[in-house]
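This report refers to the structure that appears directly beneath it.
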Amino acid sequence: MTYKETIEYLFNSTPVFEHVGASAYKPGLQTTEILDAHYGHPHKNFKTIHIAGTNGKGSVSHSLASILQEAGYKVGLYTSPHLIDFRERIRVNGIPVSEEYVIRFVEDFKLLNSKRIHHLSPSFFELTTALAFNYFAEEKIDIAVIEVGLGGRLDCTNIITPILSIITNISFDHTQFLGNTLAQIASEKAGIIKHQVPVVIGETTKETRPVFENKAKEMDAPIFFAEEIDKSECDQYEFELKGSYQKKNLRTILCATKRLPFIHPEHIQKGLTNVCKNTGLMGRWQTLSTHPLIICDTGHNVGGWKYLAPQISSVPCDRLHIVFGMVDDKDIRNVLSMLPKNAVYYFTQANNHRAIPAQQVGELAKEYGLSGNTYPTVAQAYEEAKSSASENDFIFIGGSSYIVADLLCHISK
């Protein structure tokens, strides 16, 4: 197969949650454990750091990988979703897995599955996780930063026993799978806490803190709260990632580095300064242009927009333009209620089966006093916003990772 054919196979022959939602969600570790045993337990060949949470997983994962790289380690990084190319999900020292490796792994899996492992029918994420762990083992990495796909307890990455677990925060997202209360969601995320493995908690509420404390006590795991990191310590570091929500992520990162005795302050500063260069991170308050100012961000739920909405409003400009769309399992009404009313809106939809149709987004937005036109693609909405903006205007693009993905694909052509 060509690389394109291989990616089409992955997306069309395995259930992909990011494309079809709930029907692709496959809780439980049985398939992953069978795959892992078949490939010789590759994740046991390197150390791991495991990161769960509702928001901030990507930023914390990439930042820690960058710091570890600056400390001289060969670092694997496994994250999701990707924005432009599938290979972004699996990196070693920032370099994506090769097309040739992806092709070879998938072709080998198809052959082996037909002959020897009884037609497992793994999900997209289960097969991708097996690919990542095998690649990291073959590359002989020192340590991998592994981001949970969804939840924690039943996520297929949860076969690892890391040297450190991190839970960034808890808010309402994926409630159909993880529970309808913050405590229930926290309990699912706390499923990554392992016996005697230190765990860092990035942010708590009165509902979630006891859940984490009880689970850590049950697992005899030392627990550390990033909220106890003093602001003055954060102020010592210059952080490349500029979204206002990154202040909380920085606390989590610093708390995590204290649990890693092989990391020194100079590694931390270099890593925080070079996150994007070292790891290829995109879409976090990413500036695409300065005249007009154009920024995109992958914040996609109420927890993320709690920070994004006031930050967007605080940017000085002559006129604010917002290209906006969401997917159907997010609380769009709550997000719409937060959006600035003084903006010109370009309602759109990502090229994704889960995208809320642009027309529907526009109709809902009217109920919240937001006005604008609808566009069938992100590219059309973005180009219209650009053509309407003057050099002192501000264009923001977001609402979903997939909106940002479509945007970056469009401008990279």
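Based on Cα contacts under 8 Å between residues 6+ apart, segment 312-413 shows a relative contact order of 37 percent. Separation of the alpha carbons by more than 32 angstrom is noted, of Lys140/Lys330; Lys110/Lys248; Lys4/Lys242; Lys47/Lys330; Lys217/Lys248, for Lys140/Lys330; Lys110/Lys248; Lys4/Lys242; Lys47/Lys330.
Accessible surface computed residue by residue for the chain, with neighbouring protein chains in place and a 1.4 Å probe, gives 41 Å² per residue.
Simple spin-label estimate for Asn351 and Arg104 gives 3.0 nm between the two label positions (7 Å along the Cα-to-Cβ direction from each Cα). Residue ranking by accessible heavy-atom surface, 1.4 Å probe, largest first, among Lys248, Lys194, Lys4, Lys215 comes out as Lys4, Lys248, Lys215, Lys194.
Working from Cα pairs under 8 Å separated by at least six residues, relative contact order for segment 223-332 is 23 percent. Once R0 is set to 25 Å, what does the formula 1/(1 + (r/R0)^6) return for the Cβ-Cβ distance between Arg333 and Lys386, expressed as a FRET efficiency to the nearest 0.05? In this case the efficiency is close to 0.30. Dividing the Cα radius of gyration of the chain by its Kirkwood radius returns 0.96 for Rg/Rh. Run the numbers for Arg319 and Asn214: contour at 0.36 nm per residue of separation, minus the present Cα-Cα distance, in nm. Taking Arg319 through Asn214 to full extension adds about 32.8 nm, to one decimal. Between amide H atoms placed 1.01 Å from N, distances below 5 Å from Asn373 occur with Tyr345, Phe347, all of them 5 or more places distant or on a separate chain. With an 8 Å cut-off on Cα pairs and a minimum separation of 6 or more residues, tell me the relative contact order of the chain in percent. RCO, the chain: 17 percent.
Put simply, the amide H of Ile170, placed in the peptide plane, has neighbours under 5 Å in Thr54, leaving out anything fewer than 5 places away on its chain. Taking the 1.4 Å solvent-accessible surface of segment 209-323 as the whole, the part contributed by carbon and sulfur is 52%. Residues whose amide H falls under 5 Å from that of His321, counting only those 5 or more places apart or on a different chain, are Val344, Phe394, Ile395, Phe396, with hydrogens built in the peptide plane.
Arg333 sits with roughly 100 Å² accessible to a 1.4 Å probe, with DNA, RNA and ligands left out of the calculation.
The values are calculated or read from the model by the stated rules, or taken from the named source; none is laboratory data. What you see is a predicted model, and the numbers here were worked out from it, not measured in a lab. FYI the Cβ positions are ideal-geometry reconstructions off the backbone, even for glycines, and counts take in every protein chain you see. SASA here: full protein model, heavy atoms, side chains in, ligands and nucleic acids out. Shrake-Rupley method; radii C 1.70, N 1.55, O 1.52, S 1.80 Å.
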